[in-house]
Structures are given as structure tokens and as C-alpha cells.
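J.: Below are the C-alpha cells for one structure; questions will follow.
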Amino acid sequence: MQTPYELILGWRYTRAGRATRRNGFISFISGVSMLGIALGVAALIIVLSVMNGFQKEVRDRMLGVLSHIEVFEPSGQAIPNLADTLAKIERHPEVVGAAPFVGAQALIARGEDMKGALVRGIDPALEPKVTDLAAQLADTVLPRLVSGEFGVILGGELARSLGVIAGDSVTLIAPSGQVTPAGVVPRIRQMTVVGTFDSGHYEYDSALALLHQEDAARIFRVEGPTGVRVKIKDLHAAREVAVSIAADLDPGLLVRDWTRQNRTWFAAVQLEKRMMFIILTLIVAVAAFNLVSTLVMTVTDKRADIAILRTLGASPQSIMGVFMVQGAMVGVIGTGAGLLLGLGIAFNIDTLVPALERLLGASFLPQDIYLISRMPSDPQQADILPVAVISLILSFLATIYPSWRASRVNPAEALRYE
């Protein structure tokens, strides 16, 4: 089976450059176009992979403190029929673990320093089933939460801002107090700091306080746990599982998954990622449309060749096909090289960045500021395939006008001065 001459000529024009000085210049421009497309595609893949990596890093740290799903009583009171609710939740095939909790807000004071805190009363035996943070603390500070002793585990940033360490006392002030003839007096309880934790997420390290759930129920005057925290097999299916769980529970209970708890943050990340995709796609577009000038110069230089082909019986469509093949070759090679370069860097960025830091004597991610010391990267097929497709489409579109112009060359005029 013979190869169509459009492919043969298109490939020869793509790598031409030995015959004349001008052909060498045109081949150099083709190489620059390939390089531009490759660098644009590689930059897009690397940036999107790093953004995915940062998003995954923050999400994992966030979910180290949060549960995948929360079931709670909207009034802030104890969940009625807690045992029945737990049984229904744990029967769901996607549920890995469930743990009751008491959730409230309070003030924690140490001397003249006073900080707002998110208080979470937990069961030390069940909490490790639903959060990674509790699992990490299960053999260290978590057993120190004993019912009746009123111990508290503070986030590391919260403890540092109050100037306390394990063994110190703090004062917990509950906002809903007792009604007296002098007015509403907030309930105050002396607590002992039994430990601290650092989850790597500042929002929770600076505000979260863990108590035993029975102590929390006494302080906030509730009959029992006000909610249930749930861990599931696939965190990405949290929304669907939450809907399924809600259908089996009492209609008075609210069910909220982790994506809804942090909707603003995830929306901001997705918007930033979308904007970066658009901005970097423009780089690929500029490189792709450099093909227009390359092919126009090639058409001008090959007018005599075009005229000869026309006199030999080549149709305008065939001439157009030759130069479309040339542009497509540049686009395919550039896109392929960009994919290899981008994926090579994205999958090895944890090795390349430290080497670059040692070479330059600089630190791109100071751990005391960003809480992570390595550059995260998470290449995803959902990002890589659109990048490759868009690059190929832009390269193809860039070939249409020069190829059409080549098909319109008049053989008689082209050969007049040859």
C-alpha cells in the first residue's frame, strides 16, 4: 500500500533545511514553533499538577481534623435515639466508622488572654475511627481525656497564643449561662491542658479544643451527643453517600458532607485553577499560531514546487493537504514533546525542586510559613487530556489559512520568473 504523497511532502517540508539557506531558516522557525508548543503544554501540565498537589495536601490536612460526613441536630440539642441513629449509619455499605460528638463554641482564657474556640466533645475510644488526627493521637494524648477530670487537648497554635503547655490550667467560658437575679451569668469551668496537637491546618490548630464528650455535655448542659461524625470509603463520594444516609434517618436531623463545610475554599481553588488553565492555554495558542507565519513563509518559498505539482495533475485539495500535514506534524511533535517534558517534571518534582533549592541556596517553601516543605504534585488524566486535545486543535486551526492560500497559487504566475 503506497503512502499518500501529501504525507511524504508534508513530512519533507517539516524537516527541510539542508538544501538552501532560506529553507534552513524556515526549518528553524518550524523548530521554534515546535519548541513553543512543547513548552506551553509542559508549563500547563506542571502548573495544573502542582495546583492539584496543593489542593490534595490541604484537603488531606483538613480531613485529618474534619469527618467526611456529619449528622447533627440543628437546634444544638442532643440527638434523640442516638443508638438507633448510629445503627442506621453504620449499616450503610460505604461507612467505615461513626462516632458521636458534642459540638459547641466557647471562650478559653488564660490570665488576661482570651480566645474563641470550637469545642468538640469526643469519645476517645470511637473518635480514631473517623479522623486521621484522632488516630495519630490514639496512643499518646487521647487516652488522657477521662470523663469527670475535665481535661482538654488544644490545637498547637491556640496553646501557643495562650502561652500554655500540658499540665497548665485554662478557663473555659460557655456562652449559654445560668439565669440569676443579676442576669445571665456564663458558665465557667477550670480545665487542665492534657496535651496539644498540630494538624498542619492553621484554621483548626488555632481554634479547636477537644474534650471528653461527657464533660462537654455537662458544661454545655445537653443530654448527650449533638451529632455523629462519619467516615466513608471514598471521600469523593461524600455528597452521594450523605444523601443516601439522610434518606434513612429522622427528617429532623441534618446531614452535611465535607465539601459543603468548606464550600467557599473549594470554590476559590476551582476558580483559580480554571483561570490558570485559561491563561496558560493562551501561551499554547500563541505558540500554535506561530505556525501561521511558518507555513506562509513555506508556501511563499515553495511556489515553484506547488506550480509543478499542479501541472502534474495535483488538485488544490491535495496541495492544501500537503501544508496541513506539515502544520499537523509540527503540532503533534510539539504536543508530544510537551507531554513528555511536563509529565517527566510533574512526576519527579519532589526530586527536582530540592536539587534546584540546593543549587540556588534558596527555599521555595519555608516550612514555618507554608507548613509543608516539599512541592506537591498530582498529575491527573482529567487535566492532561484536555491540554493535549486543545493543543492539537489549535495547531490544526493554525494550518487552515496558509494551506488554503497554497491551494490558490496560480501555476502560470508562479513559474513566470523561474
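J.: If you stretched the chain out fully between Leu82 and Thr351, how much longer would it get, using 0.36 nm times the residue separation minus the C-alpha to C-alpha distance?
T.: Result: 91.8 nm gained on full extension.
J.: Show me the ranking of peptides 263-275, 391-403 by mean Cβ neighbours inside 10 Å, starting with the highest.
T.: 391-403, 263-275
J.: Given a 1.4 angstrom probe, I'd like the percentage of the accessible area of the stretch 132-260 that is carbon and sulfur, rounded to a whole number.
T.: Within the stretch 132-260, the accessible surface is 51 percent carbon and sulfur.
J.: Taking 0.36 nm per residue of sequence separation and subtracting the Cα-Cα distance, how much length would be gained by fully extending the chain between Ala246 and Val286, in nm to one decimal? Each step should come with its number before you reach the end.
T.: Numbers: separation 40, 0.36 × 40 = 14.40 nm, distance 5.04 nm.
Extending this stretch completely gives an extra 9.4 nm.
J.: Using Cα positions and a limit of under 29 Å, work out the lysines in reach of Lys231, with same-chain residues fewer than 8 apart set aside.
T.: Hits, sequence-local ones excluded: Lys56, Lys88, Lys129, Lys273.
J.: Exactly which GluC sites (Glu not before Pro) in the stretch 161-270 are in a DSSP loop and have at most 15 other Cβ atoms within 10 Å?
T.: Glu223
J.: Once both labels are modelled 7 Å past Cα along the beta-carbon direction, what's the Arg221-Arg358 spacing in nm?
T.: With each label placed 7 Å out from Cα toward Cβ, I get 6.3 nm.
J.: Please give the per residue accessible area of the stretch 84-190, computed with a probe of 1.4 Å over protein heavy atoms only, in Å².
T.: Ligands and nucleic acids excluded, the result is 49 Å² per residue.
The values are calculated or read from the model by the stated rules, or taken from the named source; none is laboratory data. Predicted model, so just to flag it, every value in this text is computed and none were measured. Glycine gets a Cβ as well: all are built from the backbone with ideal geometry, and neighbour counts include every protein chain shown. The area values use the complete protein model at the heavy-atom level, side chains included, leaving out ligands, DNA and RNA. Shrake-Rupley method; radii C 1.70, N 1.55, O 1.52, S 1.80 Å.
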